[in-house]
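What follows is a short report on a single structure.
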Amino acid sequence: MAESKSPTVYDVAREADVSIATVSRVLRSPEKVSVSTRERVLQAVRRLGYVPNASARGLADRRTGVLGLLIPGHDIPATSRRLPAEDGAPAVVEFLDDRDGRQADPYRNRYFEQLVRGAEAAAWRAGYALLVAAGTSVSRDVVMHDLAGRVDALAVVARTVPDELLRGSIGRTPMVTVAGEGGTGADAVRVDNRGGMSALVRHVLAVKPPGPVLYLAGPPDSPDAAGRARGFHDAIAGQDVPWRTAMADFTWQGGHDAVTAQLEEEIPAAVIGANDQSALGALAALREGGVDVPGTCVVTGFDGIDESRYSTPTLTTVRQPMIDLGICAVELLLRRLADPDAAPRDLQLPVDVLLRASCGPLG
């Protein structure tokens, strides 16, 4: 039986009824193509499962020596950018977007900074460069296909691109998903969001003052937020405690605004943030409202970012191994490159509950 032929740029052009130059323009400079044409080409790309061939871009070898990390929909401060060293050391981070000059919130994206740091270190040790695609204006479809054609293997933060797009690319580009629930057929690495949040909430319920609980939820499309929400509901189900949920979107401002609005109705006895940034915003709002933490209200977060150690009071949180996520993602990619036919692996990394002053006296 003849081996099925991978789709080419000519197949995409024929399917979309455009020229191959237009296909190339959509994948490399989508802003230069009309919306209707762009969507027609991308639909053809998805239907055919087309992935650009890096060798067609002037690469002499089938291996590029580059691994990719895809984080569309999120900004990473430009200070994380790395350039090639004088001695030719391969560690490099290149940002394909984030060119609009906006100043990032000081509490944004610590998770992704640590993820990139771990992936970069593991790639460097293995002799690979790391190419990072990030930014709020990155088109998921365009950058997915463009990046897949530039790298030997690709790590993708779960749900930042549609699962069907991932499934269509797995057979052509070695891939690992970071966070999420797996199920795409790719290798996966994540942390125990549900178990960590459940353990934290049980502790909060045991030590908080009398009164209601406010849960600051993360973005609805975030797999981390979904797992933590399940952990919260596991622990609070059946408890004789009034509680409500407010959307904080994993940001300092979201946590601050949600708690400010809550204080107009009543003072919560506990604020449980789905991440540290929102919990730190909550601490600021409680301080502005004259609420004693932890005497009147206890506050907790999730992630274990550096800022949680220096807040006033210091923030009780769940520490997840953010750097290890990046390291494990690269190690899974290297394993897949070495053995393309190996069964997919799904790794779940443990977390730790860190008790600090925002949740009551220690010792």
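Debye calculation, C-alpha points only, no solvent: report log10 I(q)/I(0) for region 216-363 at q = 0.10, 0.11, 0.22 Å⁻¹, in the same order as the q values.
With one equal scatterer per Cα and no solvent, log10 I(q)/I(0) is -0.40, -0.47, -1.43.
Long-range amide H contacts for G273: which residues qualify at under 5 Å (H placed 1.01 Å from N, peptide plane, sequence gap of 5 or more or a different chain)?
Residues meeting the amide H criterion: L216, T300, G301.
Collect residues whose amide H, placed 1.01 Å from N in the peptide plane, falls under 5 Å from the amide H of M175; neighbours closer than 5 in sequence don't count.
L154, D187
Highest mean first, what order results for 150-158, 342-350 on Cβ atoms within 10 Å?
150-158, 342-350
Please list 3J(HN,Hα) in residue order for region 115-130, calculated via the Karplus relation 6.51 cos²θ - 1.76 cosθ + 1.60 where θ = phi - 60°; whole Hz, with x for glycine and proline.
Rounded to whole hertz, the list is 4, 5, 4, x, 5, 4, 4, 5, 5, 4, 4, 8, x, 10, 8, 10.
Roughly how many Å is it from the Cα centre of region 179-243 to that of region 262-333, as a whole number?
About 13 Å separates the Cα centre of region 179-243 from the one of region 262-333.
Rank by packing, highest mean first: peptides 228-240, 320-332, with packing defined as the count of other Cβ atoms within 10 Å averaged across residues. Working shown, then result.
Values: 228-240: 16.0, 320-332: 23.0.
Peptide ranking by packing, descending: 320-332, 228-240.
With the cut-off at 1.5 for a/c, could you classify region 226-302 from its C-alpha gyration tensor as rounded, prolate or oblate?
oblate
Determine ³J(HN,Hα), in whole Hz, for all residues of region 333-350 in sequence, where each value follows from phi through the Karplus function 6.51 cos²θ - 1.76 cosθ + 1.60 and θ = phi - 60°; x replaces Gly and Pro.
Coupling constants for region 333-350: 5, 5, 5, 5, 5, 6, 9, x, 9, 5, 5, x, 10, 10, 9, 10, 8, x Hz.
Explain nothing, just compute: Karplus ³J(HN,Hα) = 6.51 cos²θ - 1.76 cosθ + 1.60, θ = phi - 60°, for every residue of region 311-322 in order, whole Hz, x for Gly and Pro.
For region 311-322, the Karplus-derived couplings read 6, 10, x, 4, 8, 5, 7, 9, 8, 9, x, 5 Hz, x marking Gly and Pro.
If you roll a 1.4 Å probe over the heavy atoms of the protein chains, what accessible area per residue do you get for region 228-330, in Å²?
39 Å²
Contact order normalised by length for region 279-363, with contacts defined as Cα pairs under 8 Å and 6 or more residues apart; what percent is it?
35 percent
Tell me the carbon and sulfur percent of the accessible area for region 168-281, rounded to whole percent, probe radius 1.4 Å.
Answer for region 168-281 is 51 percent, counting heavy atoms of protein chains only.
The values are calculated or read from the model by the stated rules, or taken from the named source; none is laboratory data. Just so you know, these numbers come straight off a predicted model, no measurement behind them. FYI the Cβ positions are ideal-geometry reconstructions off the backbone, even for glycines, and counts take in every protein chain you see. The accessibility values were calculated without ligands, DNA or RNA, using every heavy atom of the protein model including side chains. Shrake-Rupley method; radii C 1.70, N 1.55, O 1.52, S 1.80 Å.
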